[in-house]
Amino acid sequence: MILPPIPTPFDREGRLDEEAFRKLAQALEPLADGLLVYGSNGEGVHLTPEERARGLRALRPKKPFLVGLMEETLPQAQRALLEAQEAGALALLATPPRYYHGSLGEGLLRYYEALAERTPIFLYHVPQNTKVDLPLEAVEALAPHPNVLGIKDSSGDLSRIAFYQARLREFRVYTGHAPTFLGALALGAEGGILAAANLAPRAYRALLDHFRQGRLAEAQELQKKLFPLGDLLAKGGVPLLKQALRHLGLPAGYPRPPYPAESPLWERFLPVLEGLKEEGWVL
């Protein structure tokens, strides 16, 4: 499966643009297997509870979708959890609590178990943003829970993907790191939840199909072609992704202030984007 982590459009003053959100989802959803709403590239941490609810009501996805959860405690998570259920989300994608992470201990397991008692969840390991590690021992302990469906691992650490395959064979693994997408597939990942899939969903779907059908030379060639796109997006983050989507005529809006509207990597990124567009890989 290929799921774009859809950006959340804000206007230049930082106000949620619900109509743009709906139109962006309608443009991306037909080209993918589903969506992730309010993930890292969806600026889930920048939204008020009221905005989360309004955005979900505006979207109305037709395909399976996940909803990101980046809270610190269960009381904070409860409202978002209920809203995701009411909207029909397949599952929550939950980062570990991070502010007091060093003193969590067994509390980390209790947090995820409590969420899983209420709704299906995927674990979310994204240390480049959370600045904390989701220990492999914790993943292994949580994996048997029937409502812990799998994990999105955006670290780019292929040794972790290998661990999931070796120790957690029924666990669903998605990578969030486009530069190592093919390597993750080779180590057992089921698919990708990739920022770059917002721009080139057909390309990542083709790469996945090549791999599944045993056309490894074609898969390797396409991975090489897509590497600069994923690599620069991993460095440029939300500002670069939204700038690229705006360049393509899609209503991605702007990052919420004080984050910059434009990326310093844009001049390097534009030729990569245009080259892939000329070859038919970009929206």
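General observations
- Complete set of residues in the stretch 79-116 that are at pLDDT below 95, in a loop (DSSP other than H, G, I, E, B) and hydroxyl-bearing (Ser, Thr, Tyr): Tyr99, Tyr100
- Residue check for Gly192: in contact with a Ser or Thr (Cβ under 6 Å, 6 or more places away or on another chain), open to solvent by less than 10 Å² (accessible area, probe 1.4 Å), under 24 Å from Leu24 (Cα atoms) and at pLDDT 95 or above: yes
- Residue within the stretch 168-181 that is free of Cβ contacts under 8 Å to residues at least 24 places away in the same chain, among the basic types (Lys, Arg) and surrounded by fewer than 24 Cβ atoms within 10 Å (Cβ to Cβ) present: yes
- The single condition from (1) of a type in the set (Gly, Ala, Ser); (2) more than 21 Å from Val173 (Cα to Cα); (3) in contact (Cβ under 8 Å) with a residue 40 or more places away in the chain; (4) touching a Gly at 6+ places or on another chain (Cβ under 6 Å) that Gly68 fails is (2).
One line per residue, one yes/no per condition, for (1) open to solvent by less than 10 Å² (accessible area, probe 1.4 Å); (2) within 30 Å of Gly188 (Cα to Cα):
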{"position": "Met1", "(1), (2)": "no, yes"}
{"position": "Pro9", "(1), (2)": "yes, no"}
{"position": "Arg15", "(1), (2)": "no, no"}
{"position": "Arg22", "(1), (2)": "no, no"}
{"position": "Leu35", "(1), (2)": "yes, yes"}
{"position": "Tyr38", "(1), (2)": "yes, yes"}
{"position": "Asn41", "(1), (2)": "no, yes"}
{"position": "Arg54", "(1), (2)": "no, no"}
{"position": "Lys62", "(1), (2)": "no, yes"}
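- Given (1) in contact with a strand residue (DSSP E or B) (Cβ under 8 Å, 6 or more places away or on another chain); (2) closer than 30 Å to Arg12 by Cβ, index of the condition Phe181 fails: (2)
One line per residue, one yes/no per condition, for (1) β-branched (Val, Ile, Thr); (2) in a strand (DSSP E or B); (3) closer than 21 Å to Ala197 by Cβ; (4) at pLDDT below 95:
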position	(1), (2), (3), (4)
Arg12	no, no, no, yes
Phe21	no, no, yes, no
Leu24	no, no, yes, no
Leu28	no, no, yes, no
Glu50	no, no, no, yes
Ala53	no, no, no, yes
Ala58	no, no, no, yes
Lys62	no, no, yes, yes
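So that you can scan it fast, the table gives a plain yes or no per residue for (1) without any contact (Cβ under 8 Å) to a residue 60 or more places away in the chain; (2) over 24 Å from Ala27 (Cα atoms); (3) touching a Pro at 6+ places or on another chain (Cβ under 9 Å):
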{"site": "His210", "(1), (2), (3)": "yes, yes, no"}
{"site": "Glu218", "(1), (2), (3)": "yes, yes, no"}
{"site": "Gly236", "(1), (2), (3)": "yes, no, yes"}
{"site": "Leu245", "(1), (2), (3)": "no, no, yes"}
{"site": "Ala252", "(1), (2), (3)": "no, no, yes"}
{"site": "Pro258", "(1), (2), (3)": "yes, yes, no"}
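- When the residues of the stretch 108-163 are filtered to those that are of a type in the set (Asp, Glu) and open to solvent by 50 Å² or more (accessible area, probe 1.4 Å), the one that is nearest to Leu232 (Cα to Cα) is Asp157.
- Selection count where residues are closer than 24 Å to Ala206 by Cα and either assigned to a helix (DSSP H, G or I) or among the charged types (D, E, K, R) (or both), scope the stretch 247-283: 12
The values are calculated or read from the model by the stated rules, or taken from the named source; none is laboratory data. On a predicted model such as this, the values are computed, not experimentally measured, just so you know. In this analysis, Cβ positions are derived from the backbone assuming ideal geometry, glycine residues included, and neighbour counts consider all displayed protein chains. What goes into the accessible areas is simple: the full protein's heavy atoms, side chains included, and nothing from ligands, DNA or RNA. Shrake-Rupley method; radii C 1.70, N 1.55, O 1.52, S 1.80 Å.
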